[in-house]
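A quick write-up on the structure given underneath.
The values are calculated or read from the model by the stated rules, or taken from the named source; none is laboratory data. These numbers come from a predicted model, not from an experiment. Counting neighbours? That spans all protein chains shown, and the Cβs are built from the backbone with ideal geometry, glycine included. The area values use the complete protein model at the heavy-atom level, side chains included, leaving out ligands, DNA and RNA. Shrake-Rupley method; radii C 1.70, N 1.55, O 1.52, S 1.80 Å.
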Amino acid sequence: MRRAIGVRPLRRVISLLASMSLGIGVVVAAPAAVAAAPVEGATVRADNGSPTGYTVDFVYRNPNATQVRLAGDLTLLDVNTGNTRYQPEAWQTGRYHAGGTEFLRDMTKDPNGYWSVSVPLHAGSLSYWYRVWDPTQGWANKRIWDPASTNPRPPGESSFRVRNNDVLDAVYVPYADKQNDPVLKERAAYELPAADPAHRGTVQYVPYTTILGDSGHHLGVYLPAGYDANRAEPYKVAYLAHGIFGDETDFMVPANVPNILDNMTAKGEIEPTVVVTMGNHFTGTSLGFASYNQTNAANNLVQTILPFIEDRYNVSTERAGRAYAGFSYGGMTGAHVIRGYPTTFAFYGHFSGNPSLTAQDYDNVAAAVGDDDLFVFLGNGVFEGNLNAQNTIANNFRARGYAAVTTQVPGAHDGMTASQLFTIFARDHLWTGVDSVSVSPATEELTKGWNWRKQFTANVSTNQGVSPAVTWSVEGAASAATTISADGLLSVAANETASTLTVVATSVVDPTKSGSATVSLTAPGTTRVVVKAKAAPASIARGGTFSLTVDLRAQTQHKKAPTVTGEIAVTFGGTTQVVALTNSSAVVDLPTSGLPAGGYPVHVAYSGDPTYAPTAAVHQQLRVR
């Protein structure tokens, strides 16, 4: 997809061969070569021998450790079978890294305390961690983040995942053509760090006190590149909730939202957006299931987090500018949010976790939202089961007049599936920042039997940072030769028989937004015209330019049509120019650059309009000397 990012070259051992003569016949051998220290962290390198085209070298330094294992969501599931697990070395097209079974691979220790292992991995952001036995720190099978990772973290032991011995890190692997998988190609395009550092936003963890009075908790806050605290238009904002036993790091690291939004914003597919993540395990020090209370989480979000964020950041305070999404238990929490606060958010995303709502709940939401927009997105991984439950929920919203979409991605119940679902939710369904599209001219009247070429322009109203790009199409044509170019130049074939064409410009960012123009095609009139064309001078040196004046007059002047309209095509020296008439006349430059000396005819063709008939003839011989 995109160029390899974050690929660091392996350090190579450089051998130095030298000898030194000390006196007669005395040779002392050079000192042994010193190997460069291994590069700590996850180093991605291109590897022709890898089934994916890439291998990742994991290196962790801990001289005191007695055992270290690479772990992660790195075993593979085959999309065709769904239940057979494969090791990374067995990758082939159609197999995807998936959670549910922890991948474990022993790492090898060198004399300097560096533990390492190499594994082939496919494209995208992939979850991993280390398991460490270190008696000096009292660690026995301790699950740790990669200390070389650059992902921001909450400080100390404050995060729930650290306290629960359940952290997840991420490695970013580019796409290689040999993977031959459009899903992985797209994942690499969104999940890898943005190629241009100027397009990368920032992540910070901000301390706050929960609705229950628990202090020492943190909110994750992603600010888009170029965030302006004083921007006149507040930023749209998405609030994202993790699954059970997760915390505020889940959507920032394994689900990889910052990279996704960096790339999406750089492409102009979404307007710059702020993201807020929260930990929902905040009832004292408990590490159990009950420390995530969905009612508390919903109340904490709306009553505590929203005012906290809105007081400190330039974000929208309107429902149309807010989205809520959650993974697993966080998706289920969405039921408590929409039921308790139906007018707070306009967009809901439920990733691998469905809201449980009664018929009365749906009716209450509809009564509260009324004619305002509401959008609901539901999805899961193909290895999690079918979409029957999601489709039922979507139909309940649709039955009440609200938009709802369901989808699946190749994945299991893990952050990598959440990542893919968030990409679709944000790119295809969140605010696009495209307000309207119109086409000018809005109408055009042409005659049949002429190879018309007309330029149309799209006028796209967008928010700051959103691409105004459009795709062009022409509808209603009977001739395959009637087309429109990528930049809006309509070509109507001379043999076109349709009476009406519709020129359509559709927003690339938001295909639901489009504008159109109507082109009417009528038979030309029958009244003949006289074409007068005269160039000055009649002879010119090579490289000069003739000036051709063309006048058209009706043989019998009609009071209802005192001037001849339409356009002429002037052919000279193998080149044709199409020029619109102004008050029945036109002046056309005829350059001679590149023409050899000799005589050249000037051919003028008139297209005709609803009153006057088309005509064509040679009108003058010009000489190039």
Scan segment 412-422 and tell me whether some residue there is in contact (Cβ under 8 Å) with a residue 40 or more places away in the chain, under 21 Å from Leu184 (Cα atoms) and open to solvent by 60 Å² or more (accessible area, probe 1.4 Å). yes
List the pairs whose first member sits in segment 80-96 and is in contact (Cβ under 8 Å) with a residue 24 or more places away in the chain, whose second member is of a type in the set (Gly, Ala, Ser) and open to solvent by less than 90 Å² (accessible area, probe 1.4 Å), and whose Cβ atoms are under 7 Å apart, counting only residues at least 6 apart or on separate chains? Tyr96/Gly411
So how many residues does segment 503-522 have that are β-branched (Val, Ile, Thr), farther than 16 Å from Ala486 by Cβ and open to solvent by 40 Å² or more (accessible area, probe 1.4 Å)? 3
Sort out which residues of segment 69-101 are open to solvent by less than 40 Å² (accessible area, probe 1.4 Å), touching an Asp or Glu at 6+ places or on another chain (Cβ under 9 Å) and small (Gly, Ala, Ser), and write them in order of number. Ala71, Gly72, Gly94, Ala98, Gly99
Does segment 476-485 include one or more residues that are closer than 25 Å to Ala426 by Cα and either in a strand (DSSP E or B) or of a type in the set (Gly, Ala, Ser) (or both)? no
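Go through segment 175-211 and count every residue that is under 20 Å from Asp311 (Cα atoms) and either open to solvent by less than 50 Å² (accessible area, probe 1.4 Å) or at pLDDT below 95 (or both). Step through it out loud before you land on a result.
Filtering segment 175-211 down to residues under 20 Å from Asp311 (Cα atoms) leaves 202-211.
So of that shortlist, the ones also either open to solvent by less than 50 Å² (accessible area, probe 1.4 Å) or at pLDDT below 95 (or both) come out as 203, 205-206, 208, 210.
Total meeting the criteria: 5.
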With the checklist (1) open to solvent by 30 Å² or more (accessible area, probe 1.4 Å); (2) of a type outside the set (A, V, I, L, M, F, W, C); (3) closer than 12 Å to Ala533 by Cβ in hand, flag the one item Thr611 doesn't pass. (3)
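Just checking, which of Val531, Val604, Val587 is buried (at least 19 other Cβ atoms within 10 Å of the Cβ) and at pLDDT 90 or above?
Details: Val531 fails: buried (at least 19 other Cβ atoms within 10 Å of the Cβ); Val587 fails: buried (at least 19 other Cβ atoms within 10 Å of the Cβ).
Step by step, each of Val531, Val604, Val587 is checked, and only Val604 is buried (at least 19 other Cβ atoms within 10 Å of the Cβ) and at pLDDT 90 or above.
Is it the case that segment 457-472 has a residue that's over 30 Å from Leu374 (Cα atoms) and in contact with a strand residue (DSSP E or B) (Cβ under 7 Å, 6 or more places away or on another chain)? Lay out the reasoning, then the answer.
The first filter runs over segment 457-472 and keeps only residues over 30 Å from Leu374 (Cα atoms), leaving 457.
Those left that are additionally in contact with a strand residue (DSSP E or B) (Cβ under 7 Å, 6 or more places away or on another chain): 457.
Yes, some residue in segment 457-472 is over 30 Å from Leu374 (Cα atoms) and in contact with a strand residue (DSSP E or B) (Cβ under 7 Å, 6 or more places away or on another chain).
May I ask you to verify whether Ala290 is without any contact (Cβ under 8 Å) to a residue 12 or more places away in the chain, out of contact with any helix residue (DSSP H, G or I) (no Cβ under 8 Å at 6 or more places or on another chain) and part of a helix (DSSP H, G or I)? Before the answer, list the steps.
Details: without any contact (Cβ under 8 Å) to a residue 12 or more places away in the chain: yes; out of contact with any helix residue (DSSP H, G or I) (no Cβ under 8 Å at 6 or more places or on another chain): yes; part of a helix (DSSP H, G or I): yes.
Yes; evaluated as a whole, the condition is true for this residue.
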Might you check whether a residue that is of a type in the set (D, E, K, R), surrounded by fewer than 18 Cβ atoms within 10 Å (Cβ to Cβ) and assigned to a loop (DSSP other than H, G, I, E, B) occurs anywhere in segment 213-229? yes
Given the options Thr582, Thr526, Thr571, Thr545, name the one that is open to solvent by 60 Å² or more (accessible area, probe 1.4 Å), of a type in the set (Val, Ile, Thr) and closer than 19 Å to Arg453 by Cβ. Thr582
State all residues of segment 424-470 that are open to solvent by less than 10 Å² (accessible area, probe 1.4 Å) and closer than 23 Å to Gln390 by Cβ; if no residue qualifies, say none. Phe425, Ala426, Leu430
For Phe327, only one of the following conditions fails: (1) more than 24 Å from the chain's Cα centre (by Cα); (2) open to solvent by 20 Å² or more (accessible area, probe 1.4 Å); (3) aromatic (Phe, Trp, Tyr). What is its number? (1)
Here are Tyr239, Tyr235: which of them is at pLDDT 95 or above, of a type in the set (Phe, Trp, Tyr) and either open to solvent by 40 Å² or more (accessible area, probe 1.4 Å) or more than 26 Å from Thr417 (Cβ to Cβ) (or both)? Tyr235
Go through segment 66-144 and tell me which strands (runs of 3 or more DSSP E), entirely inside it, have 2 or more residues that are more than 28 Å from Val257 (Cα to Cα) and acidic (Asp, Glu). none
Quick one: in segment 161-174, which of the residues that are surrounded by 15 or more Cβ atoms within 10 Å (Cβ to Cβ) and part of a loop (DSSP other than H, G, I, E, B) is modelled with the lowest pLDDT? Asn164
Just checking, does segment 276-286 include any residue being in a helix (DSSP H, G or I), in contact with a strand residue (DSSP E or B) (Cβ under 8 Å, 6 or more places away or on another chain), in contact (Cβ under 8 Å) with a residue 12 or more places away in the chain and of a type in the set (Ser, Thr, Tyr)? no
Could we say that Phe245 is surrounded by 23 or more Cβ atoms within 10 Å (Cβ to Cβ) and assigned to a loop (DSSP other than H, G, I, E, B) here? no
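Scanning for something under 24 Å from Asn280 (Cβ atoms), in contact with a Phe, Trp or Tyr (Cβ under 6 Å, 6 or more places away or on another chain) and of a type in the set (A, V, I, L, M), does segment 210-223 turn up at least one residue?
Of all residues in segment 210-223, those under 24 Å from Asn280 (Cβ atoms) come to 210-223.
Adding the requirement that they be in contact with a Phe, Trp or Tyr (Cβ under 6 Å, 6 or more places away or on another chain) leaves 210, 214, 217-220.
From what is left, the residues that are of a type in the set (A, V, I, L, M) are 219.
So far as segment 210-223 goes, yes, one or more of its residues are under 24 Å from Asn280 (Cβ atoms), in contact with a Phe, Trp or Tyr (Cβ under 6 Å, 6 or more places away or on another chain) and of a type in the set (A, V, I, L, M).
If I filter segment 34-43 for residues that are of a type outside the set (A, V, I, L, M, F, W, C), under 12 Å from Ser116 (Cβ atoms), open to solvent by 10 Å² or more (accessible area, probe 1.4 Å) and part of a loop (DSSP other than H, G, I, E, B), do I get at least one hit?
Here is the first cut: in segment 34-43, the ones of a type outside the set (A, V, I, L, M, F, W, C) are 38, 40-41, 43.
Filter again for under 12 Å from Ser116 (Cβ atoms), leaving 38, 40-41, 43.
After this cut, where a residue has to be open to solvent by 10 Å² or more (accessible area, probe 1.4 Å) as well, the list is 38, 40.
Pick out the ones that are also part of a loop (DSSP other than H, G, I, E, B) and you get 38, 40.
So far as segment 34-43 goes, yes, one or more of its residues are of a type outside the set (A, V, I, L, M, F, W, C), under 12 Å from Ser116 (Cβ atoms), open to solvent by 10 Å² or more (accessible area, probe 1.4 Å) and part of a loop (DSSP other than H, G, I, E, B).
Can you tell me how many residues in segment 607-624 are over 15 Å from Val570 (Cβ atoms) and at pLDDT 90 or above? Quick ask: steps written out before the conclusion?
Filtering segment 607-624 down to residues over 15 Å from Val570 (Cβ atoms) leaves 608-613, 623-624.
Then drop every residue that is not at pLDDT 90 or above, which leaves 623-624.
Here the count works out to 2.
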